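The values are calculated or read from the model by the stated rules, or taken from the named source; none is laboratory data. Everything numeric in this text was worked out from a predicted model, so none of it was measured. Note: ideal-geometry Cβ built from the backbone for every residue, glycine included; neighbour counts use all protein chains shown. To get the accessible areas, we keep the full protein, side chains included, count just its heavy atoms, and leave off ligands, DNA and RNA. Shrake-Rupley method; radii C 1.70, N 1.55, O 1.52, S 1.80 Å.
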Amino acid sequence: MAILVTGGAGFIGSNYIINFLEDTQETVINLDLLTYAGNPENLSSIEDSKNYQFFHGDIGDRNLVNKILKTYEPRAIINFAAESHVDRSIHEPSGFIQTNIVGTFNLLECTREYFSHLRENGRPKFRFLHVSTDEVFGSASPSGPAFNEKTRYKPNSPYSASKASSDFLVRAYNRTYELPTIITNCSNNYGPYQFPEKFIPLTILRAIKGEEIPIYGDGQQIRDWLYVTDHCDALNRVLKNGLPGDVYNIGGLNQITNLQLAEDICEILDEIRPSNQSYKSQINFTKDRPGHDRRYAIDCDKINKELGWMPYESFESGIRKTVIWYLENQEWTDNIIGGAYREWIKKNYS
Ligand code: NAD
Ligand code: TYD
């Protein structure tokens, strides 16, 4: 038995693989292009495991994907591979179109072919799980309802538009070809191994380096933060008991403004790594992100009622654990913060 994980060297994918291998003898095949966001170091704890196989390559490379599917006959594919950073999608959208849309299309085509030749007894169990985002729903109004599975798609960034497109393709492959696909739309994740271009690790690292903590616009935008291992648990439940053709929203039940979040991180740092003055003094309001969504909020009633899932980690404990992880793993970040990263920071914040 095997599962194919794509994008498994990234933030969520690597957490998923590490957690998955704790509880199983099943083989995990990881197909990852190792873009700037893919880091094999995330998987150093399991890289020698006999049931882990890594392939360096593109989800859009049909020859490679066909070869992997034929060799390992996975019972499931979990598609994490994507370009995932909104700000980068604003500066350079083409990679997002290529991987998130064209790449997913190629992966679906290979999966369709594979599924059509799958042995009779393998078919009912096979799943293609597409890991998507709540950003496809666009911006929720400040006190309006949270996104549920029936909320209309209204993506506002090249990133969310490319994810929305991939979701539609995945849906179409279920309706048209009866491929047993499932889509999950999850809110913002946080935790270990998140690339420090994203808000939480960026805030922690800039704070401890004595640099400005950039808050876009007025900082009153709201995100619904979910600890990454809770996302992994939700995906496992969906994989096990989710219905083919269905969609599940996954959220943290934890809506907080960006400014409040930055202040919370600063308070934790003030307590565990005190400096001359509060880290809050480094908070700096900067030019807003174009098309910045004001609020994301997830209604996760369906996955709760149907699959018994709830976030386990409280935000207070999750964010504290995360801050501590980044303090204790500075070598991991030092290895990332090279020339290309510095170029990105210059480009985005100058
Ligand atoms: P990430 O950017 O940390 O990792 C993406 C991974 O995909 C990297 O390892 C990268 O090398 C790999 N990759 C990129 N292009 C590829 C290609 N063409 N072929 C093979 N591999 C490729 O992203 P993440 O935060 O771990 O997100 C994973 C998935 O979850 C994405 O699909 C994202 O849209 C979705 N998601 C993320 C969040 C979040 O808060 N991070 C929330 C909801 C959904
Ligand atoms: P981010 O982690 O990029 O996730 P997403 O855009 O997918 O929600 O950003 C989270 C929030 O933090 C978002 O509202 C943008 C904001 N933000 C800042 O205020 N400053 C920053 O430097 C970054 C990277 C994000």
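Here are some notes:
- Long-range HN-HN contacts of F54 with modeled amide H, under 5 Å: N30
- Accessible surface of the stretch 64-138, 1.4 Å probe, proportion on carbon and sulfur as whole %: 51 percent
- Dipole of the chain, positive direction: furthest Cα of A164, A9, P196, with charges on the beta-carbon: A164
- Residue-normalised accessible area of the stretch 22-172, given per residue in Å² at a 1.4 Å probe: 48 Å²
- Across the stretch 223-298, Cα pairs under 8 Å and at least six residues apart give a relative contact order of 43 percent.
- An ellipsoid equivalent to the chain, defined through the eigenvalues of its Cα gyration tensor, has semi-axes of 33, 22, 19 Å when rounded to whole angstrom and sorted largest first.
- With at most 12 neighbouring Cβ atoms within 10 Å, loop trypsin sites (Lys or Arg not before Pro) (DSSP) excluded, longest segment of the chain: 210-286
- The stretch 46-119: C-alpha gyration tensor shape, a/c 1.5 cut-off, then a/b vs b/c: oblate
- With all protein chains kept in place, the per residue accessible area of the stretch 227-268 amounts to 34 square angstrom at a probe of 1.4 angstrom.
- Length-normalised contact order of the stretch 105-210 in % [C-alpha pairs under 8 Å, at least 6 apart]: 31 percent
- Overall, the accessible surface of the stretch 230-343 at a probe of 1.4 angstrom is composed of carbon and sulfur to the extent of 46 percent.
- Under 16 Å from the Cα of K240 - aspartates and glutamates, other chains or at least 8 residues apart: D23, E26, D230, E306
- Prolate/oblate/rounded label for the stretch 3-67 (Cα gyration tensor, a/c 1.5): oblate
- Rel. contact order, % - alpha carbon contacts under 8 angstrom, at least six apart, the chain: 17 percent
- Of K67/K321; K125/K321; K280/K321; K198/K287, those spanning more than 28 Å from alpha-carbon to alpha-carbon: K67/K321; K125/K321
- Unit charges on C-beta of K, R, D, E only; dipole of the stretch 55-183, Debye: 480 debye
- The stretch 100-165 shape via C-alpha gyration tensor axes, a/c threshold 1.5: oblate
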